[in-house]
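Note sheet for the following structure.
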Amino acid sequence: MTEILKADPDAIARAAALLLDGKLVAFGTETVYGLGALATSNTAVAHIFAAKNRPRFNPLISHFARTEAAFAHVEPTELAYRLAEKFWPGPLTMILPRKSGSTICDLATAGLPTVALRVPRGKTALALLEAVGQPVAAPSANPSGRVSPSDAFHVLRNMHGRIDAILDSGPCSVGLESTVIDLSREVPFLLRPGGITLEQLESVCGTIRNPDDYATKLPSSPGMLASHYAPGLPVRLNAESVSENEALLAFGDTLPGAGLVYNLSETGDLEEAAARLFAGLRFLDGEGQRRGLQTIAAMPVPRHGLGLAILDRLRRAASPRPVAGGDDDDLESMI
Ligand code: TXA
Ligand code: MG
């Protein structure tokens, strides 16, 4: 049974108690819903990997209510302090060398000498983390390889019965995952574009290494597999025309002739588009399959600001799948 908790102080206290008891609780952050477990417990974290069907070599982000609590687990650099000052709480994840004596368990870090840290901005998430008072490991609350959840309904649909509770704080304001920056190398390295833009990071870091062609390079982060965020229908990128057997993920002025349309932002606003991306993919996938459509065609999005993160997710959604795409609920068919 999965308890559904509407975010209020009692629900937050209940969710915190469940987490402290080693249970799995999905909770809303400003980016996407996370599937939380106590990061200090290998047993609790093992439940995350099982519920998501996630490969165990893929490490998890540990979440905290405050910067000092997060940095107690790592060797923070001067740049890490500056980034925390500017972007935490917020959609930025920093990878830093793990401090010996950190209580974050090996399963959460996949045995790596580094740890991924984030202080989210969501009010409910912060209250929950404060109440737990321990690091909370949380990947996005979707089956591995599938579209991330930006609403409690998405979590419910994919994870009901597989997790102990969902703390429902409504739709996520940013709508796609945090930016992941690796600060454990000589130069900062952007591992995943996300809610903090490259331009914002560069204003604090100066030069950042940014492997632009993620889809063709070897993954530089264990979780950056080429195929990810995959809906059941195949995705076609950079659509400049569309046919009636296709569903169209539009941006700005839509194209004529599609069998079904979801516009990320009619006015071409990238923030709005980011917030609507995962809901749009889910809608076109579900409704498109019901109508017998063959493909999701995605219109081009500008390559700056949040556009980079949107394009990254779309490229992964369009990548060849290791296993044929199936229904979202068909957990057995997923890697
Ligand atoms: O917005 C977010 O970041 C959401 C919310 C719930 O906080 N979480 C999230 O987690 O997206 P997940 O597990 O879906 O993505 C975390 C990414 C993965 O690509 C993982 O491989 C990478 O961060 N990562 C975690 N620890 C790492 C490490 N030590 N070194 C390199 N990459 C790491
Ligand atoms: Mg994820």
> What single numbered condition from (1) farther than 15 Å from Asp164 by Cβ; (2) away from ligand 2 (no atom under 16 Å from the Cβ); (3) in a loop (DSSP other than H, G, I, E, B) fails to hold for Gly22?
Replying inline: (1)
>> I'm trying to understand the selection: among the residues of region 259-312, which are free of Cβ contacts under 8 Å to residues at least 40 places away in the same chain and of a type in the set (Phe, Trp, Tyr)?
In response: Tyr262, Phe283
>> Condition first: at pLDDT below 65 and farther than 22 Å from Ser148 by Cβ. Now tell me which residues in region 217-254 satisfy that.
In response: Leu218
>> For the structure I just gave you, tell me whether Asn42 is within 24 Å of Arg192 (Cβ to Cβ) and surrounded by fewer than 21 Cβ atoms within 10 Å (Cβ to Cβ).
In response: no
> Can you pull out the residues in region 25-56 that are polar (S, T, N, Q) and assigned to a loop (DSSP other than H, G, I, E, B)?
Replying inline: Thr29, Thr31, Thr40, Ser41, Asn53
> Looking at Arg146, Arg121, Arg162, Arg157, which one is buried (at least 24 other Cβ atoms within 10 Å of the Cβ), of a type in the set (Lys, Arg) and either part of a helix (DSSP H, G or I) or more than 10 Å from ligand 1 (Cβ to nearest atom) (or both)?
Replying inline: Arg146
>> When the residues of region 29-48 are narrowed to those that are touching a helix residue (DSSP H, G or I) at 6+ places or on another chain (Cβ under 6 Å) and more than 16 Å from Cys105 (Cα to Cα), which ends up nearest to ligand 1 (Cβ to nearest atom)?
In response: Thr29
> Under the condition of being within 14 Å of ligand 1 (Cβ to nearest atom) and not in a loop (DSSP other than H, G, I, E, B), which residue from region 165-180 is surrounded by the most Cβ atoms within 10 Å (Cβ to Cβ)?
Replying inline: Leu167
> For region 90-107, which residues satisfy the criterion of being in contact with a Ser or Thr (Cβ under 9 Å, 6 or more places away or on another chain), free of Cβ contacts under 8 Å to residues at least 40 places away in the same chain and assigned to a loop (DSSP other than H, G, I, E, B)?
Replying inline: Ser102
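The values are calculated or read from the model by the stated rules, or taken from the named source; none is laboratory data. Keep in mind that what you see is a predicted model, and the values were worked out from it rather than measured. Ideal geometry is used to build each Cβ from the backbone, glycine not excepted, and the neighbour counts take in all protein chains shown.
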